[in-house]
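Inspection log for the structure reproduced underneath, given as structure tokens.
The values are calculated or read from the model by the stated rules, or taken from the named source; none is laboratory data. These numbers come from a predicted model, not from an experiment. Here the Cβ positions follow ideal geometry from the backbone for every residue, glycine too, while neighbour counts run over all protein chains shown. For accessibility, only protein heavy atoms count, side chains too; no ligands or nucleic acids. Shrake-Rupley method; radii C 1.70, N 1.55, O 1.52, S 1.80 Å.
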Amino acid sequence: MKIILMMAMTADGIVARDSSHKADWTSKADKKAFIAETKKHGVIIMGETTYRTIGRPLPGRLNLVLTMEPEKRAAESVPGVLEFYRGSPAEVVAHLSGKGYQSAVLGGGPYTNASFLKAGLVDEVLITIEPKLFGNGMTFAKGQDLDVNLVYISSAPLGDNAVQIRYQVAK
Ligand SMILES: NC(=O)c1ccc[n+]([C@@H]2O[C@H](COP(=O)([O-])OP(=O)(O)OC[C@H]3O[C@@H](n4cnc5c(N)ncnc54)[C@H](OP(=O)(O)O)[C@@H]3O)[C@@H](O)[C@H]2O)c1
């Protein structure tokens, strides 16, 4: 199964000011690109903290939210729309493959990104560079020492002064 890690970052490499910072600072162009990419694959994987900042499932795709306590979220779950799951990155991939998905977008946040990168389960990294500087904040992947090499695939202006870069993860 192919996993595409998709994130927006400032030109100084920040993805959020802190864990509770909503991703509402990104451009319309990035939001449009995010919707197109996630709908293409049909599923977005995200950590519980990121889901909390969004506060609702993104429509038209399966939102698979990773949490250590999925049992507590049973009442909120809507099969095929919003599902809560506990498992290692490898178990997440096996779970989605078992449902028939051939690819998925990993949509953050940094803690979850790092666990998938560490497990060697990310195939592509898709970054939007937004024309902003935050100075302090969270970087792309957190909580693991990583040594991941990327191979450039393509880049293109998205509009709104944003640039999208696509890399393949060297394996
Ligand atoms: N700029 C962007 O493109 C972008 C995109 C996404 C997110 N963000 C930002 O990132 C920030 C949040 O990131 P974060 O790193 O603090 O948190 P996160 O990665 O969104 O969520 C971490 C939580 O997810 C759960 N989790 C992760 N992997 C798991 C697994 N394998 N099994 C079970 N549970 C798992 C755990 O939740 P429990 O507490 O339930 O154990 C963990 O505490 C927010 O500010 C958000 O806005 C930015």
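Here are a few things to note about the model shown:
- Degrees between helix 28-41 axis and first principal axis of the chain (Cα, 0 to 90, nearest 10): 40
- For the range 40-75 versus the range 129-171, the inter-centroid distance based on Cα atoms is 22 Å.
- Whole-number percent relative contact order across the chain, with pairs defined as alpha carbons under 8 Å at least 6 apart: 34
- H41 accessible area, assembled protein chains, probe 1.4 Å, Å²: 30
- Helix-derived mean residue ellipticity, 222 nm - over the chain, DSSP H n ≥ 4, -39500 (n - 2.57), to 500: -7000 deg cm²/dmol
- Ordered from largest to smallest accessible area (heavy atoms of protein chains, 1.4 Å probe), the residues D145, D12, D30 come out as D145, D12, D30.
- For the pair V78 and S97, the difference between a 0.36 nm per residue extended length and the Cα-Cα distance amounts to 4.9 nm.
- With only Cα atoms counted, the range 2-169 has Rg and Dmax values of 15.1, 43 Å.
- Charge dipole of the chain (Cα centre as origin; +1 on each Lys and Arg Cβ, -1 on each Asp and Glu Cβ, all else neutral): 380 debye, rounded to the nearest 20.
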